[in-house]
Each structure stands twice: as structure tokens, then as C-alpha cells.
1. For a quick check of your reading of the model, give me the residue pairs whose first member lies in region 28-48 and is without any contact (Cβ under 8 Å) to a residue 40 or more places away in the chain, whose second is of a type in the set (G, A, S) and part of a loop (DSSP other than H, G, I, E, B), with beta-carbon atoms closer than 8 Å and at least 6 apart or on different chains.
2. Given the structure, is D79 within 14 Å of V122 (Cα to Cα), of a type in the set (D, E, K, R) and surrounded by fewer than 21 Cβ atoms within 10 Å (Cβ to Cβ)?
3. Cβ-Cβ distance below 6 Å, separation of 6 or more or different chains: which pairs start in region 159-185 with a residue that is more than 18 Å from R38 (Cβ to Cβ) and touching a residue at least 12 places away in the same chain (Cβ under 8 Å) and end on one that is open to solvent by less than 70 Å² (accessible area, probe 1.4 Å) and assigned to a helix (DSSP H, G or I)?
4. Restricting attention to region 43-59, which residues are crowded, with 18+ Cβ neighbours inside 10 Å, touching a helix residue (DSSP H, G or I) at 6+ places or on another chain (Cβ under 9 Å) and within 19 Å of E155 (Cβ to Cβ)?
5. Take region 95-125 and flag every residue that is aliphatic (A, V, I, L, M) and over 15 Å from the mean Cα position of the chain (by Cα).
6. Could you tell me which residue of region 18-34 is farthest from M125 (Cα to Cα), considering only residues that are modelled with pLDDT of 95 or more and surrounded by 17 or more Cβ atoms within 10 Å (Cβ to Cβ)?
7. What number of residues within region 110-128 are surrounded by fewer than 19 Cβ atoms within 10 Å (Cβ to Cβ) and assigned to a strand (DSSP E or B)?
Amino acid sequence: MFDPSPPSAADFCPFCAIAAAHAPYDPLDPPSSSAAQRTTPASYVVLSTPDLVAFLDIMPLSPGHLLLCPRAHRPKLTDATPREARHLGAYVRVLSAALARATGVADWNVVQNNGAAAAQVVPHMHFHLIPRPEIRASGRFRESFTMFGRGRREELDEDEADALVVELRRHIAAVLEEEKQQRDHQVPLRDGGKQRFPGKAKL
């Protein structure tokens, strides 16, 4: 359930503040404006559902670096509800596809840290989705610096972020629409499986 009230100063969580500032919307019909200035610092939201919110990292390791988290405050992955966990898993895949299309980068990290000893900085569980254009360009796929955390963070450029939000929302909607069409082209079998209609191409 969407709660527009920000967290108290005593237990302030930046991710909760973003969730409170951005109401859920239909990802198939996203708003045209990023509304980034609803929070300080600005928050560039690419997905906002009743359960989840995804936004650009303000200190990205690469252009398109996304964070995906539950709307409710959940310190670690094990604190997420089963419903939230299912939605997180589904949208990690959707966001990965949209991110690759929007950035043109075909290689990326998906990282999730739990606790300070595991490099979790904000105690509100979240996934990082990080395009790796520098690794792809170098061709050095096996070196240790390909691991998450190796790289230089730079402040997010606001103009670039606004443009990227538009692109990501568009591609998220396209991925979800493709999935919907794929489901519509399938019929249930008696054993619980799925069968495609004859003549329907795989999307």
C-alpha cells in the first residue's frame, strides 16, 4: 500500500523517502515526467509499483546503474515477504532486459548485499543492476576488476538521467508488453504446462 508520508528524521531511510515521494503507476503506461525533484537529492524513478520501486543510482559505477528495492522498508533480503520476493525476481529480469536495450550494453552485474560486512550501505535491501561497458570494450573478461565494486563512481548527470529515465520506462513497457503477448499466445495443457498456438512465432 502506498504511504506518501516520509520516514521520521530519527529513522530516515533514503529509499523509503523515494518510495513515499513516487506513487505507483502502471509500468505499461508510465508518466512522461521523471518528477525527480520530489526528493533531495533528486530521485530518477524508472519503475514504481505497489510493491517495488527502481531508480538510478546517484553515484553510478556506469551509465544506467539501477537500484531495485521493495517499497516497504526491508533491511535484508530475508525480511522481504514472499510476494515481494517473487516480484523482485520477476522485475530483476525485466529491468535487465530493458537496461540492455536502453544502454546498448549486453553485459551487466546483478548484485545484492546483506549487512554492513557484506558491503550494504543503505539498510533497505536492494539489487544493483550495473551495465559493464568498460569490460565489454576492453575484451578482458576474466580479470578480477570485473567484480562488483571495482570501478570509479561519478555523480549522476541530471540531463542524462532525465533522458535515460524516459528510455528505460519505454523499454520496460515494451518488455512487459512482449511478455503479455507471449502469454496470450499460449494455452494451458492438462498437465499444467503451456502450448503455443500453431503458427505463432516465439517472441
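The values are calculated or read from the model by the stated rules, or taken from the named source; none is laboratory data. Note that the coordinates shown come from a computational prediction; the quantities given were computed from them, not determined experimentally. Here Cβ is always computed from backbone atoms with ideal geometry, including for glycine, and neighbour counts include all displayed protein chains. Calculation scope for accessible area: heavy atoms of the full protein, side chains included, ligands and nucleic acids excluded. Shrake-Rupley method; radii C 1.70, N 1.55, O 1.52, S 1.80 Å.
1. S48/A23
2. It is false that D79 is within 14 Å of V122 (Cα to Cα), of a type in the set (D, E, K, R) and surrounded by fewer than 21 Cβ atoms within 10 Å (Cβ to Cβ).
3. Close Cβ pairs satisfying both conditions: E167/A102; H171/A98; H171/A102; I172/A98; V175/V94; V175/A97; V175/A98.
4. Once the filter is applied, which keeps residues that are crowded, with 18+ Cβ neighbours inside 10 Å, touching a helix residue (DSSP H, G or I) at 6+ places or on another chain (Cβ under 9 Å) and within 19 Å of E155 (Cβ to Cβ), region 43-59 yields S43, Y44, V45, V46, F55, L56.
5. Scanning region 95-125 gives V105, A106, A116, A117, A118, A119, V121, V122.
6. Out of the qualifying residues, it is P30.
7. So the first thing to find is which residues in region 110-128 are surrounded by fewer than 19 Cβ atoms within 10 Å (Cβ to Cβ), and the list is 110-112, 114-123.
Subset that is assigned to a strand (DSSP E or B): 110-112.
Number satisfying all stated conditions: 3.
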